[in-house]
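I have placed the structure first, in the form of structure tokens, so that the comments after it can refer back to it.
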Amino acid sequence: MIYLDNAATSFPKPKETIDFLNDFVLNVGGNPGRSGHALSLAAARSIFEAREKLAALFCVMDSERIIFTQNGTESLNLAILGLLKEKDHVITTSLEHNSVMRPLMFLSKEKGVGISVVQCSPDGNLDVGDIKKLIRKKTKAVVINHGSNIIGKVQPVGEIKKMIGGIALIVDACQTAGSFPVNVEEDNIDILCFSCHKSLYGIQGLGAIYIRNGIELAPLKFGGTGSRSESIEQPMFLPDRYESGTPNTPGIAALLGGLSFIERTGIETIIRRKQDLRQSILSGLSDIPQVVIYGDKDDGNQLPVISFNIEGKLPSEVGYELNKREIYTRVGLHCAPAAHRTIGSFPEGTVRAAPGYFTTDEEIAVFIDAVREIAGKTSAHS
Amino acid sequence: MIYFLIFFTIHDVLKAEKALKGRDVDIELVPVPRNLSSDCGMCIKLRGDLEGIMPYINGIEMDKCVSYDGKEYQFLAHS
Ligand SMILES: Cc1ncc(COP(=O)(O)O)c(C=O)c1O
């Protein structure tokens, strides 16, 4: 089996992820911050440690400004629905995931929020000056996909923030978190949204959001927090303001394991290995004449997320053939129709190969051979 | 003297604990005494000198700080 769908969720997980998850479910199991007993406290400690490690990884000063959510999608919903008010204006790009586009469309219909979309080139390049041209008096935020889940293109978020000044920068770091350097201080990111189950090696069902001090979002959820229990008002202090209800503590414990793995291995080592894997996939695919690769192959600012097609074949057909060989890619639109329109692969989409830190060179070789073989076969549809 | 340092969130309790760890101070995490707060969480119980530890935790906002001399609880002003 060869798993090349790490952009959807990473697999396999490091041993630490499984060990921490096991230990939590077997030996801890308490509801964090709710009671005074040792197991509740131990659960709260797992969450505290995970927050501290995330803060260190992304250069966040106050770890309480990192909030756990269900997934990257919930983080983006909290950022977008929590920040934008009636008749506000927002700028985004043509490379966004539906977890950005759909809440924005909802706001446009329900609250008259104005949306301007900056067109990126088919290679994913964005002219920062184009964003500037779209700024209006009512522009409240710029929402940008830090790393494309289709072609891996990484956007210059720091440069964008410099240009937009006081307008809030909401960064979708679902693909970059753990795969590319993310520094909220250096880049002055106001809101960072990410998944914890992709390159941070947590399990599914966990995401997080960082909210810069001074930015107030309306919560998506209200309820018990274990704090200020005498009051029926939602607390104002973080993280409790945005974390009502029993959290996914087993998931957070697993994330703590994943983050410990990253710390032990070194984020630079992980990033370097992933870049090597990207290069070897690109060079292997480039040798196959029928293969069309999307995005700029020579651009160094890219994630190991590679979209391609085989001339004369539907991506679904290629995915099916790969799956028969126990090679798991993701084909189609990857929840990002706007991005596929941008790169010119709408409506069929692409085949996406996303290796992970645990992908081996042998696996890449087998994958390339399989693509070559499939490309040589006459299409079932022709 | 005993002090109870009560924070807004369990996150801040643990942050304060981390800031004091490895220093020569006698602290313990205990349930918040019910006469001091209606909160159902934990707080830090300190035995010893309050002024001595303040520099380490003054970045963490405290909800309440209470002293106990074995007879009486006294709410203290804090930063
Ligand atoms: C760019 C991007 N944004 C948002 C998401 C949504 O993240 P999640 O699946 O954790 O909700 C994903 C991944 O699916 C993504 O790749």
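The values are calculated or read from the model by the stated rules, or taken from the named source; none is laboratory data. Given the structure is predicted, the values throughout are model-derived calculations rather than measurements. We place every Cβ from the backbone using ideal geometry, glycine too, and count neighbours over all the protein chains shown.
Points to keep in mind about this one:
- Only one entry in A:217, A:192, A:200 is outside any loop (DSSP other than H, G, I, E, B) and buried (at least 16 other Cβ atoms within 10 Å of the Cβ), namely A:192.
- Against the numbered list (1) more than 13 Å from chain B (Cβ to nearest Cβ); (2) charged (D, E, K, R); (3) within 23 Å of residue A:187 (Cα to Cα), residue A:52 comes up short only at (1).
- Residues of region A:193-220 classified as away from the ligand (no atom under 14 Å from the Cβ) and of a type in the set (Lys, Arg), total: 1
- Restricted to region B:16-27, and to residues there that are in contact with a Phe, Trp or Tyr (Cβ under 9 Å, 6 or more places away or on another chain) and away from chain A (no Cβ under 12 Å), the residue that is nearest to residue A:33 (Cα to Cα) is B:20.
- Whichever residue in region A:36-49 is facing chain B (nearest Cβ under 7 Å) and of a type in the set (Gly, Ala, Ser) and, among such residues, is nearest to residue B:30 (Cα to Cα): A:36
- Selection of helices (runs of 4 or more DSSP H) fully inside region A:20-117 by the criterion of at least 3 residues being within 29 Å of residue A:257 (Cα to Cα) returns A:38-58, A:72-83.
- Selection status of residue A:81, more than 14 Å from chain B (Cβ to nearest Cβ), of a type in the set (A, V, I, L, M, F, W, C) and crowded, with 22+ Cβ neighbours inside 10 Å: no
- Matching entry among A:190, A:172 (being under 30 Å from residue A:112 (Cα atoms), more than 14 Å from every other protein chain (Cβ to nearest Cβ), charged (D, E, K, R) and within 16 Å of the ligand (Cβ to nearest atom)): A:172
- Scanning region B:1-46 for residues that are farther than 13 Å from residue B:57 by Cα and among the basic types (Lys, Arg) yields B:34, B:45.
- Matching residues in region B:23-50 - criterion: being more than 16 Å from residue B:73 (Cα to Cα), in a loop (DSSP other than H, G, I, E, B) and of a type in the set (Val, Ile, Thr): B:25
- Evaluating residue A:28 against the criteria (1) of a type in the set (Val, Ile, Thr); (2) within 16 Å of the ligand (Cβ to nearest atom); (3) over 21 Å from the mean Cα position of the chain (by Cα) leaves one unmet condition, (2).
- Comparison of A:260, A:283, A:307 shows that the only residue that is among the polar types (S, T, N, Q) and crowded, with 23+ Cβ neighbours inside 10 Å is A:307.
- Filtered residues of region A:323-382 (kept if β-branched (Val, Ile, Thr) and either in contact with a helix residue (DSSP H, G or I) (Cβ under 8 Å, 6 or more places away or on another chain) or under 28 Å from residue A:258 (Cβ atoms) (or both)): A:327, A:329, A:331, A:350, A:351, A:359, A:360, A:364, A:366, A:368, A:371, A:374
- Test result for residue A:293, surrounded by 22 or more Cβ atoms within 10 Å (Cβ to Cβ) and in contact with a strand residue (DSSP E or B) (Cβ under 7 Å, 6 or more places away or on another chain): no
- Residue-level check: of (1) among the hydrophobic types (A, V, I, L, M, F, W, C); (2) away from the ligand (no atom under 16 Å from the Cβ); (3) over 16 Å from residue A:163 (Cβ atoms), residue A:105 misses just (2).
- Of everything listed in (1) touching a residue at least 12 places away in the same chain (Cβ under 8 Å); (2) closer than 19 Å to residue A:238 by Cβ; (3) buried (at least 19 other Cβ atoms within 10 Å of the Cβ); (4) at the interface with chain A (Cβ under 9 Å from one of its Cβ atoms), the single unmet condition for residue B:61 is (3).
- Single residue of B:30, B:13 found to be surrounded by fewer than 15 Cβ atoms within 10 Å (Cβ to Cβ), closer than 17 Å to residue A:32 by Cα and within 11 Å of another protein chain (Cβ to nearest Cβ): B:30
- Set A:114, A:36: member being among the small types (Gly, Ala, Ser), modelled with pLDDT under 95 and surrounded by fewer than 20 Cβ atoms within 10 Å (Cβ to Cβ): A:36
- Residue within region A:133-155 that is part of a helix (DSSP H, G or I), more than 11 Å from the ligand (Cβ to nearest atom), surrounded by 20 or more Cβ atoms within 10 Å (Cβ to Cβ) and not assigned by TED's automatic domain parsing to the domain that holds residue A:357 present: no
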